[in-house]
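Everything below concerns the one structure shown next.
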Amino acid sequence: MDKENSLTRSKKTVSSLADILLKEGVNTLLPGSSLVYEVGKLAVQHGKQYFTDRTEQRLYDFHMGIVQGEANDEANLESILKKPFNLDEYHAVLNACVQDIENEKTEIYSDLMKSLMVKEITTKHRRFFITVTKQLTFTEIELIRNLYINANYDLMTVGGTSQQVTSMLTSQEVLTDITIRTLVSYGLVTDDRKDMTSLGKLYAEVLFEENKLTPKSINRQEYTKINVAILNYMISDKIHDQVSHHLQESLWGHGVKSSILALNGRSVRQAPLLFNAGVLILSDVEYDEKHFDKRAIAKFASKVPIFPLNIKPNEVNVSALGLKDPIDLREKEPDQVRKEIYELVDGIFKR
């Protein structure tokens with residue numbers, strides 16, 4: 001199917017009547033009534049062709065969207081192709097898709113139709129979801145998706161899932177507030193704007209495939225429930241602090257929370273309850289023996305694994321503390337040290 005004209009007409013966002021007439025092959029027109037007549041006639045022709053092209057493209061994209069996810073699985077593809085469906089529902093979804101002014105919603109209509117074909121959904125819910133999908137904008141539907149993900153996954157935030165959802169639903173930005181009010185009016189968000197309703201959650205599960213309801217689908221990281229203590233006994237030292245922060249950032253990128261601290265006899269009592277592992281940063285400096293509490297480090301190491309991270313070769317004696325095998329940094333330049341730390345952490349999580 002030749003889509004050149006279709007793409008030209010539907011994807012360009014700014015044009016003029018002169019541009020349109022030129023595309024229809026008209027280079028010169030005499031002024032006066034003939035000009036008005038020709039402009040009207042050719043604009044009508046262009047408009048008809050635009051709607052024909054757009055409808056053809058929508059029909060193609062809609063049906064491809066239903067089957068393309070199964071392209072690599074012959075059995076699933078055959079199952080989808082032979083799946084019986086309600087013609088009234090099919091026509092209702094297809095008609096809504098073709099008439100919708102938002103191209104972005106085509107994929108959503110495809111996913112909705114696929115769900116109506118393969119999922120067990122009550123009749124009243126099926127009709128409601130078709131109607132709601134037609135009425136909601138792409139932005140409103142995307143908010144539903146984001147709310148669902150935030151309600152089901154801890155995305156490395158303070159307060160966890162409940163705080164994530166509350167934060168989204170209490171936005172004071174005008175357009176976002178209007179969007180939230182719309183979702184409340186359809187019963188997808190609770191009246192107090194603190195959570196999604198059970199209907200809203202079901203709607204998200206019907207409208208989106210599982211891979212579109214994960215943190216990865218919105219470029220976010222799920223909290224792994226791993227907490228690491230970064231033991232820095234030279235806080236305020238530039239190199240120690242840089243390495244600590246690089247390590248903290250790289251762990252965060254893998255869904256790991258961490259805290260930079262210096263354990264002592266008092267804080268070590270709670271540390272094994274708060275952390276799953278520790279990293280002890282060491283360098284060629286003289287640590288204050290009163291501050292560098294080896295007994296606290298050894299006690300912590302008896303409960304969780306602690307890995308020494310040597311910024312530089314050093315003579316710090318930690319052999320009797322029960323630590324794991326040390327990790328030695330090779331790089332010296334700050335940018336290269338950061339890169340090396342990121343690579344070390346990436347390597348751990350790829351094992």
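No lab work stands behind these numbers, since they all come straight from the coordinates. Here the structure is a predicted model, which is why all the values come from computation and not from measurement. A quick note on method: Cβ atoms are made from the backbone with ideal geometry, for glycine too, and the neighbour counts reach across all protein chains shown.
The table that follows gives values for the structure above.
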{"read-out": "Separation of the Gln172 and Asp61 label points, Cα + 7 Å toward Cβ, nm", "value": "3.8"}
{"read-out": "Reachable aspartates and glutamates from Lys350, criterion Cα separation under 20 angstrom, eight or more residues apart if same chain", "value": "Glu222, Glu249, Asp325, Asp328, Glu340"}
{"read-out": "Paramagnetic reach from Gln99 (point 7 Å along Cα→Cβ, amide N under 20 Å) across segment 109-128", "value": "109-114, 126-128"}
{"read-out": "Hits among lysines - C-alpha to C-alpha of Lys312 under 24 Å, sequence gap 8 or more where chains match", "value": "Lys238, Lys290, Lys294, Lys324, Lys332, Lys339"}
{"read-out": "Spin-label proximity, Leu274 to segment 217-256 - amide N less than 13 Å from point 7 Å beyond Cα toward beta carbon", "value": "227-232"}
{"read-out": "Partners for Lys119 among lysines (Cα-Cα distance below 20 Å; same-chain residues under 8 apart left out)", "value": "Lys82, Lys83, Lys134, Lys201, Lys212"}
{"read-out": "Pairwise FRET efficiency - Gln45 versus Phe138, Cβ, R0 = 25 Å, nearest 0.05", "value": "0.25"}
{"read-out": "Inter-part distance where segment 321-341 and segment 95-168 are each reduced to a Cα centre, Å", "value": "45"}
{"read-out": "Label-point gap, in nm, between Gln221 and Asp284 - each point 7 angstrom along Cα→Cβ", "value": "3.2"}
{"read-out": "Using a Förster distance of 41 Å, the FRET efficiency for Ser319-Gln163 (Cβ separation, nearest 0.05)", "value": "0.40"}
{"read-out": "Prolate/oblate/rounded label for segment 115-218 (Cα gyration tensor, a/c 1.5)", "value": "oblate"}
{"read-out": "Contour excess over end-to-end distance, with Cα ends at Met117 and Ser302 and 0.36 nm allotted per residue", "value": "61.0 nm"}
{"read-out": "Inter-label distance for Ile80 and Asp335, nm, one decimal - labels placed 7 Å from Cα along Cα-to-Cβ", "value": "4.6"}
{"read-out": "Reciprocal mean inverse distance between Cα atoms of the chain - Kirkwood radius, Å", "value": "25.7"}
